[in-house]
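Undergrad: Below you will find the structure I want to go over with you.
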Amino acid sequence: MEEKRRARWRKLDNAAQAFPAATDKKDTRVFRFYCQLCEPVDAGLLQEALDKTVEKYPVFQAVLRKGLFWFYLEHRDLRALAAPEKKKPCSRIYVPDAKRLLFEVTYYKDRINLEVFHALTDGTGAIRFLRELVKNYLILAHPGVMPADILLSDENETLTDYEEDSFSQYYSANLPRGAKKGPRAFQLAGPKVERGDLEIMEMVVPVSELLKKARDYGVSLTVFLTSIFLCAIHEEMTERQQRRPVTLMIPVNLRNYFPSSSMTNFWGWLEAGYNFKGETPFTDVLAHVKQYFEKELVKERVAMRMNDYTRLEKNPFLRAVPLEIKNLFLQAGTRLGARGITAIFSNVGKIKMPDECTPYIRRFGVFTSTDKMQLCACSYGDDLVLGFSSKLVSTNIQRNFQRLLKGEGISCKVSENAFPVPPVSDNPGKKAFQWFSFVSVVAAVICVMLNLMVTPKLLWSPFACGGVLCLWVCAAVGYIKRRNVLKNLMWQLVIATLACIVWDALTGWRAWSVDFVFPIGTLAVLLAMFVITRVRRLETSEYMIYFMMGAVLGLIPFILYAAGALHVIYPSIICSGICFLTLVRLLIFRFRDLRLELRKKFRL
């Protein structure tokens, strides 16, 4: 009972640290796995199967929250809903301050979609979840035909195993640093689709033909496809552009090198590239990529790179940097790192399902959001599905890829994309704020015009414009922080107080800002938070930190009183007394909750 009352939480794993900072509408950091069945999806049965799957993998039932130094994931009893597919593929899932799960399950005709924000898990964890979901659905859809006791994983694994931070477990400070960052790579250019759109193309290739051709060359399937992708990009380069290498980022599943049952992110990457000079034989590219993979895909080299990822997180000085500053560096590092990458190729590998499921499943597929171009591959049975996602309008590289495969004697069929047409998005809140911004500018301009025409000797328009600006700032903060009402109230209190202090100072300092506005505003915010908490029945983790912050702020008026900075003392003394009692109540009656919340927010 005590565990349910307090929200479980865990720190964000190393590979996921940059995703919340780098996500935006241009690249949502969302990837999609789907399973196409041989029959239409039943919505009711899918919801029942989803409930059962989440019960087995509660690691997915988490929301992303911000601490002072790091992001963290917190368990929430929010029900995941299976809904008809309506949005564009890989649409935004993580929205700051929104209390929502980091994955979505949708369906369209005969397809079950699982979309995941990458901070929650990686491809391995998502596949595991989707396999369990599909299995549960088929058992419900075909009772008596499908055995109810099919096992897809080790039943002895626990929630602790699923949430394990494998980066920290296998980190060793004694290993040397890995290779230095490579040179700046060739960047894809050309007209791009709209900000929230993706150019998606899927190809289906027989696994048997691919494996035969790869074995004929003496390479792995991944090396073969990597080389094809490099050559497909090279065909779009001019002679001048060939001064820079074509470099592919290749994600690597670290579970292949370090035993782990974790369903969090546990992956690294390689940067396989080639410097093209004019006409280059495919066999030369193939030999170069093969040599690079053989050199880098050994446990010692993989461990060195994994330690490089973790070493920064372990640095005590960097750990003490506030999260908002970390985010700026993470965003800058992401942009700089992208300069060394031309595109991304992720080979998820073979997806296996029990033989009993085979008659009901047509195929699996995968693709992801991107701000450039990414190729994802997964296979089921003899079908390898290649999912291209790109921000470029042009599909020349995909066309080149298909032609190169056919040139190697491999049949390759382009699959028709079947996505529903999303409804036209209408955001009334955004439209209202835009109109408010325009009206604010109009009001300021009218004030200046009237001042200059009617009372040119009395300069009052700057004060009027300042008032309009203060009102607009409060409205802007209210709109941006609208998803978290308690945080919004704290922001409004701080901004309004600072604005009044500035206004008071500019008009001859009569101390009304600290005598009345600050103490009365603090009490009003505390009262509003109390009412909102009761009405909305918020969980402890949603309001505890804000009550503590409000109570601490309410002690400042007493400090001003002690310093003799007040003209009227009654509001400040009343405010500080009530806030002190609020803080004492938290310490006496909710100490464990308060300590847990502080531990989450201030974790170094």
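Undergrad: Give me the one-decimal nm value for the distance between modelled label points at residue 177 and residue 580, 7 Å along each residue's Cα-to-Cβ direction.
TA: In this crude label model, residue 177 to residue 580 measures out at 5.3 nm.
Undergrad: What trypsin sites (Lys or Arg not before Pro) does segment 469-554 have in DSSP loop regions with at most 14 other beta carbons within 10 Å? Spell out each step's value before the answer.
TA: On the way: sites: 481, 482, 483, 487, 510, 534, 536, 537; in loops: 481, 482, 483, 510, 537.
Filter output for segment 469-554: 482, 483, 510, 537.
Undergrad: Using DSSP to define loop residues, name the chymotrypsin sites (Phe, Trp or Tyr not before Pro) in segment 395-477 whose beta-carbon has at most 14 other beta-carbon atoms within 10 Å. Walk me through the numbers before you get to the answer.
TA: Working: sites: 401, 433, 435, 436, 438, 460, 463, 472; in loops: 460.
Hits after loop and neighbour filter: 460.
Undergrad: Return the ratio Rg/(2.2 N^0.38 Å) for segment 294-445, where Rg is computed over Cα atoms only. Could you put the intermediate results ahead of the total?
TA: Values: Rg = 23.4 Å, N = 152, 2.2 N^0.38 = 14.8 Å.
Expressed relative to 2.2 N^0.38 Å, the Cα Rg reads 1.58.
Undergrad: Among all stretches of the chain without exposed GluC sites (Glu not before Pro) (DSSP loop, at most 15 other Cβ atoms within 10 Å), which one is longest? Mind dumping the intermediate values first?
TA: Details: sites that count: 155, 157, 194, 235, 239, 279, 416.
Value returned for the longest uninterrupted segment is 417-604.
Undergrad: Right, here's the next one. Please give the per residue volume of the convex hull enclosing the alpha carbon atoms of segment 194-240, rounded to a whole number of Å³. Working shown, then result.
TA: Numbers: hull volume 5.8 nm³, N = 47.
Output value, Cα hull per residue: 124 Å³.
Undergrad: Which whole-Hz ³J(HN,Hα) couplings does segment 135-143 yield from phi under the Karplus relation 6.51 cos²θ - 1.76 cosθ + 1.60, θ = phi - 60°, glycine and proline marked x?
TA: Whole-Hz 3J(HN,Hα) from phi for segment 135-143: 4, 4, 5, 5, 5, 6, 6, 10, x.
Undergrad: Quick one: Cα centre-to-centre distance for segment 569-590 and segment 317-366, in angstrom?
TA: 47
Undergrad: Given a 1.4 angstrom probe, I'd like the percentage of the accessible area of segment 276-426 that is carbon and sulfur, rounded to a whole number. Each step should come with its number before you reach the end.
TA: Numbers: 4280 of 7470 Å².
After summing per-atom areas, the C and S share lands at 57 percent.
Undergrad: Convert each backbone phi in segment 584-600 into a coupling constant with the Karplus relation 6.51 cos²θ - 1.76 cosθ + 1.60 (shift: θ = phi - 60°), then list the ³J(HN,Hα) values in order as whole Hz, x for Gly and Pro.
TA: Each residue of segment 584-600 in turn: 4, 4, 4, 5, 7, 8, 10, 4, 5, 5, 5, 5, 5, 5, 5, 4, 5 Hz.
Undergrad: When all alpha-carbon pairs of segment 376-489 are counted, what percent fall beyond 25 Å? Kindly include the intermediate steps, with their values, before the conclusion.
TA: On the way: 3865 of 6441 pairs.
So the portion of pairs separated by more than 25 Å is 60 percent.
Undergrad: Obtain the nm distance between the two label points defined at residue 419 and residue 589 by a simple spin-label model: each point lies 7 Å from its Cα along the Cα-to-C-beta direction.
TA: 5.2
Undergrad: Please list, in order along segment 150-165, the HN-Hα scalar couplings obtained from phi with the Karplus expression 6.51 cos²θ - 1.76 cosθ + 1.60 (θ = phi - 60°), rounded to whole Hz, x for Gly and Pro.
TA: Each residue's phi maps through the Karplus curve to give 5, 10, 10, 8, 6, 6, 7, 5, 10, 4, 4, 4, 5, 8, 4, 8 Hz.
Undergrad: Turning to a different aspect of this structure: What pairs from 487/601; 26/481; 88/109; 487/600; 181/350; 25/487 go past 19 Å between their alpha carbons? Intermediate results must be reported in sequence, preceding the final value.
TA: Working: 487/601 14 Å; 26/481 21 Å; 88/109 16 Å; 487/600 17 Å; 181/350 31 Å; 25/487 23 Å.
From the list (487/601; 26/481; 88/109; 487/600; 181/350; 25/487), the Cα-Cα distance tops 19 Å for 26/481; 181/350; 25/487.
Undergrad: Based on the alpha carbon coordinates of segment 43-155, what radius of gyration and maximum Cα-Cα distance (Dmax) apply, in Å?
TA: 14.9, 53
Undergrad: Give me, ordered by chain and number, the residues 5 or more places off residue 67 or on other chains with an amide H under 5 Å from its own placed amide H.
TA: Result for residue 67 returns 72.
Undergrad: Over the Cα atoms of segment 502-604, what is the Rg over Rh ratio if Rh follows Kirkwood?
TA: Checking Rg against Rh, the ratio lands at 1.05.
Undergrad: Additional query: What does the convex hull of the Cα atoms of segment 374-423 come to per residue, in Å³, rounded to a whole number? It would help to have the intermediate numbers written out before the result.
TA: On the way: hull volume 5.4 nm³, N = 50.
So the per-residue Cα hull volume is 108 Å³.
Undergrad: Here is a follow-up. Which aspartates and glutamates have a Cα less than 17 Å from the Cα of residue 212, not counting those fewer than 8 places away in the same chain?
TA: Here the aspartates and glutamates satisfying the reach criterion relative to residue 212 are 382, 383, 408.
Undergrad: In terms of modelled amide H atoms, which long-range or inter-chain residues lie less than 5 Å from the amide H of residue 76?
TA: 62, 63
Undergrad: From the mean inverse distance of alpha carbon pairs (Kirkwood) and the Cα radius of gyration, derive Rg over Rh for segment 461-504.
TA: On the way: Rg = 11.1 Å, Rh = 10.8 Å.
Taking Rg over the Kirkwood Rh, I get 1.03.
Undergrad: For segment 238-359, evaluate the Debye formula with one uniform point scatterer on each Cα (no solvent term) and list log10 I(q)/I(0) at q = 0.20 Å⁻¹, rounded to two decimals.
TA: For segment 238-359, the Cα-only Debye profile gives -1.27.
Undergrad: Go through segment 497-601 and name the chymotrypsin sites (Phe, Trp or Tyr not before Pro) that are in a DSSP coil and have 15 or fewer other Cβ atoms within 10 Å of their Cβ.
TA: 509
Undergrad: Let me see the P(r) profile for the chain: every Cα-Cα distance counted, bins of 20 Å, each bin given as a percent of all pairs.
TA: Distribution as computed: 16, 44, 29, 10, 0 percent.
Undergrad: Under the rule of at least 5 residues apart or a separate chain, name every residue whose amide H is placed under 5 Å from the amide H of residue 272.
TA: Counting only residues 5 or more places away or on other chains, the set is 248, 250.
Undergrad: Rounded to the nearest 0.05, what FRET efficiency do residue 569 and residue 38 give with R0 = 60 Å and r taken as the Cβ-Cβ distance? Could you check? Write out the running numbers ahead of the final one.
TA: Values: r = 78 Å, r/R0 = 1.30.
Here the calculated transfer efficiency is 0.15.
Undergrad: Ordering 370, 540 by how much accessible area each has at a 1.4 Å probe, largest first, what is the list? Intermediate results must be reported in sequence, preceding the final value.
TA: Working: 370 5, 540 30 Å².
Sorted by accessible area, descending: 540, 370.
Undergrad: Same structure, new question: Please report how far the C-alpha centroid of segment 64-110 lies from that of segment 209-256, rounded to the nearest whole angstrom.
TA: After rounding, the separation between the Cα centres reads 33 Å.
Undergrad: What number, rounded to the nearest 500 deg cm²/dmol, is the helix-based mean residue ellipticity at 222 nm of the chain, given -39500 (n - 2.57) per DSSP H run of at least four residues and division by all its residues? Write down the numbers at each step before the final one.
TA: Numbers: 21 runs with 277 residues, N = 604.
Helix contribution divided over all residues of the chain: -14500 deg cm²/dmol.
Undergrad: Can you find, among 452, 488, 428, the residue farthest towards the positive end of the dipole of the chain? Put +1 on the C-beta of Lys and Arg, -1 on that of Asp and Glu.
TA: 452
Undergrad: Measuring with a 1.4 Å probe in the full set of protein chains, what accessible area per residue, in whole Å², belongs to the chain? Write down the numbers at each step before the final one.
TA: Values: 29780 Å² over 604 residues.
Each residue of the chain exposes 49 Å² on average to a 1.4 Å probe.
Undergrad: Further question on the same structure: How big, on average over all directions, is the shadow cast by the Cα convex hull of segment 15-107, in nm²?
TA: Details: hull surface 28.1 nm².
Taking a quarter of the hull surface, the average projection is 7.0 nm².
Undergrad: Enumerate the whole-percent occupancy of each 5 Å bin, from 0 to the last occupied one, for all C-alpha pair distances of segment 163-296.
TA: P(r) over segment 163-296, rounded to whole percents: 2, 8, 14, 16, 17, 17, 14, 9, 4, 1.
The values are calculated or read from the model by the stated rules, or taken from the named source; none is laboratory data. Note that the structure is a prediction, hence the values are computed from the model and not measured. Here the Cβ is made from the backbone with ideal geometry for all residues, glycine too, and neighbour counts use every protein chain on show. SASA here: full protein model, heavy atoms, side chains in, ligands and nucleic acids out. Shrake-Rupley method; radii C 1.70, N 1.55, O 1.52, S 1.80 Å.
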